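Have a look at this one before I ask anything.
The values are calculated or read from the model by the stated rules, or taken from the named source; none is laboratory data. Every value quoted in this text rests on a predicted model; they were computed, and no experiment measured them. Cβ placement follows ideal geometry from the backbone for every residue including glycine, while neighbour counts extend to all protein chains displayed. For the accessible areas, the whole protein counts, side chains as well, though only heavy atoms, and no ligand, DNA or RNA atoms are used. Shrake-Rupley method; radii C 1.70, N 1.55, O 1.52, S 1.80 Å.
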Amino acid sequence: MAGSEQLVVAVIMVGGPTKGTRFRPLSLNVPKPLFPLAGQPMVHHPISACRRIPNLAQIYLIGFYEEREFALYVSSISNELRIPVRYLREDKPHGSAGGLYSFRDYIMEDSPSHIVLLNCDICSSFPLPDMLEAHKKYGGMGTILVNKVSAESANQFGELVADPETNELLHYTEKPETFVSDLINCGVYIFTPNIFSAIEDVLKQKKDRANLRRVSSFEALQSATKALPADFVRLDQDILSPLAGKKELYTYQTLDFWEQIKTPGMSLRCSGLYLSQFRHTSAHLLASGDGKRTATIVGDVYIHPSAKVHPTSKIGPNVSISANARVGAGARLINCIILDDVEIMENAVVIHSIVGWKSSIGKWSRGEGDHNAKLGITILGEAVDVEDEVVVVNSIVLPNKTLNVSVQEEIIL
């Protein structure tokens with residue numbers, strides 16, 4: 001192995017059950033980071049990207065989920081990639097920087113020279129090796145992956161101003177009320193171990209302020225309801241903003257795709273982005289077929305080896321079919337995610353939809369969504385049965401329901 005001064009450790013923040021509420025009903029069955037995009041768990045994509053970093057020693061996943069929920073996946077991905085992947089469970093919320101700091105002894109176990117930090121719920125090509133090289137040239141404590149977005153959408157993210165010549169971070173503000181910049185924080189960072197000293201300084205300042213505060217019991221009660229815990233440190237407001245303009249932080253701009261995965265509708269879009277990326281990185285995962293011995297495949301499609309797809313069906317573009325799914329004769333699938341053990345019967349049509357585990361779409365039935373509709377794409381939760389000749393349009397159906405009449409723009413509880 002290379003000398004310890006060259007080692008890199010990756011940390012992926014995976015959140016917890018309370019963070020995935022906008023992802024329901026899909027997150028009722030599986031932790032959001034394990035929901036499949038392009039046939040692979042969401043967290044698999046940043047993990048695979050980390051694998052491309054030279055001299056990677058270890059990958060840590062940090063979150064609030066029960067350890068048992070990640071145990072099987074962590075074991076299998078460690079064996080598949082032949083690199084240690086470990087899940088670390090936070091005992092309570094510490095904030096994005098506080099969570100990193102609370103596990104500093106684990107992270108520094110291999111004495112890494114650099115720490116790669118990523119949020120799990122982003123979709124990107126993750127240009128980590130190039131970003132690491134840029135970070136080393138900058139010579140600062142940290143480098144932030146950034147991207148340009150429209151001025152209208154910029155205030156949904158952390159906005160920043162960087163020096164156009166040196167790429168130094170000059171100003172950072174999280175979700176500002178007024179427009180600052182069309183350059184946004186992508187939630188991917190590279191730090192030297194000095195990040196822990198910076199977090200420690202913030203913790204000390206918070207502790208000192210708490211000790212200096214002399215207020216009445218009523219004021220103390222009021223401030224306690226508003227204030228964050230003393231050991232809660234946010235990476236954006238507590239670290240990035242104060243260090244901007246101090247030659248400590250730099251930016252690296254990606255010109256490739258980047259999206260946040262906050263909702264099921266975004267997961268469908270991101271599944272398509274990853275499928276298109278497979279053309280260049282993992283072409284063997286993409287299906288092909290001309291309608292003779294196998295189904296007609298249009299565009300980028302992933303079909304799990306255990307799925308059974310009838311030769312007369314037509315699949316794609318942007319379709320992911322998971323394990324043990326069955327697609328009947330004459331079925332048409334476009335821009336959809338079909339999860340484990342789903343049955344799509346003869347001549348059924350599924351467009352702009354996610355069909356949940358063990359669900360079924362009856363003969364001549366249709367599931368259709370629209371990203372621009374009020375409820376967005378159509379989502380069927382686990383074990384939903386859509387009977388023959390039923391149409392489901394722009395609707396969300398919670399688990400274990402049977403639909404024998406057509407619905408449009410409805411949430412079926």
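Taking the stated definitions as given, is residue 352 open to solvent by 40 Å² or more (accessible area, probe 1.4 Å), farther than 17 Å from residue 412 by Cα and part of a strand (DSSP E or B)?
Taking the combined requirement at face value, the residue satisfies it.
Something else: Would you check if there is a residue in segment 100-111 being out of contact with any His (no Cβ under 8 Å at 6 or more places or on another chain), free of Cβ contacts under 8 Å to residues at least 40 places away in the same chain and not aliphatic (A, V, I, L, M)?
Yes: one or more hits.
Here's another thing I want to ask about it. What tally of residues in segment 319-329 results from selecting those that are out of contact with any Pro (no Cβ under 9 Å at 6 or more places or on another chain) and open to solvent by less than 30 Å² (accessible area, probe 1.4 Å)?
Qualifying residue count for the region: 5.
Here is a follow-up. Checking the conditions here, which among 12, 77, 53, 47 is within 29 Å of residue 300 (Cα to Cα), β-branched (Val, Ile, Thr), in contact with a helix residue (DSSP H, G or I) (Cβ under 7 Å, 6 or more places away or on another chain) and in a loop (DSSP other than H, G, I, E, B)?
53
Within segment 269-299, work out how many residues are more than 27 Å from the chain's Cα centre (by Cα) and assigned to a loop (DSSP other than H, G, I, E, B).
7
Residues of segment 357-372 being among the charged types (D, E, K, R), closer than 12 Å to residue 392 by Cα and touching a Gly at 6+ places or on another chain (Cβ under 9 Å), which ones?
Within segment 357-372, 370 is the sole residue that qualifies.
Additional query: Quick check on segment 188-228: of everything there that is open to solvent by 80 Å² or more (accessible area, probe 1.4 Å) and closer than 30 Å to residue 139 by Cβ, which residue is modelled with the highest pLDDT?
Among them, the one singled out is 194.
Given the conditions (1) part of a helix (DSSP H, G or I); (2) loosely packed, with under 15 Cβ neighbours inside 10 Å; (3) assigned by the TED database to the domain that holds residue 39, report the number of the one that residue 246 does not fulfil.
(1)
Now a separate question. Any chance segment 94-112 includes a residue that's open to solvent by 30 Å² or more (accessible area, probe 1.4 Å) and closer than 15 Å to residue 53 by Cα?
No; the residues of segment 94-112 include none that is open to solvent by 30 Å² or more (accessible area, probe 1.4 Å) and closer than 15 Å to residue 53 by Cα.
May I pose another question? Among the residues of segment 163-187 satisfying the criterion of being hydroxyl-bearing (Ser, Thr, Tyr) and over 26 Å from the mean Cα position of the chain (by Cα), which is least open to solvent (accessible area, probe 1.4 Å)?
166
Oh, and also: Can you say whether residue 146 is assigned by the TED database to the domain that holds residue 193, among the β-branched types (Val, Ile, Thr) and either touching a Pro at 6+ places or on another chain (Cβ under 9 Å) or in a strand (DSSP E or B) (or both), as far as the supplied structure shows?
Working: assigned by the TED database to the domain that holds residue 193: yes; among the β-branched types (Val, Ile, Thr): yes; either touching a Pro at 6+ places or on another chain (Cβ under 9 Å) or in a strand (DSSP E or B) (or both): yes.
It is true that residue 146 is assigned by the TED database to the domain that holds residue 193, among the β-branched types (Val, Ile, Thr) and either touching a Pro at 6+ places or on another chain (Cβ under 9 Å) or in a strand (DSSP E or B) (or both).
Provide a single number: the residues in segment 264-297 that are farther than 22 Å from residue 126 by Cβ and exposed (fewer than 12 other Cβ atoms within 10 Å of the Cβ).
Residues flagged as farther than 22 Å from residue 126 by Cβ and exposed (fewer than 12 other Cβ atoms within 10 Å of the Cβ) within segment 264-297 amount to 4.
Residue 358 passes all but one of (1) at pLDDT 95 or above; (2) under 17 Å from residue 27 (Cα atoms); (3) in contact with a helix residue (DSSP H, G or I) (Cβ under 8 Å, 6 or more places away or on another chain); which number fails?
All conditions are met except number (3).
Can you tell me which residues in segment 355-382 are in a loop (DSSP other than H, G, I, E, B) and open to solvent by less than 30 Å² (accessible area, probe 1.4 Å)?
356, 359, 362, 365, 369, 373, 376, 377, 381
Here's a follow-up. Go through segment 47-99 and count every residue that is more than 30 Å from residue 136 (Cα to Cα), small (Gly, Ala, Ser) and in contact (Cβ under 8 Å) with a residue 12 or more places away in the chain.
1
Now for a different question. Restricting to segment 38-55, give me the number of residues that are under 26 Å from residue 339 (Cβ atoms) and open to solvent by 40 Å² or more (accessible area, probe 1.4 Å).
Matching residues across segment 38-55 total 1.
Tell me which residues, restricted to segment 300-318, are closer than 27 Å to residue 45 by Cβ, open to solvent by 70 Å² or more (accessible area, probe 1.4 Å) and part of a loop (DSSP other than H, G, I, E, B).
Matches in segment 300-318: 305 only.
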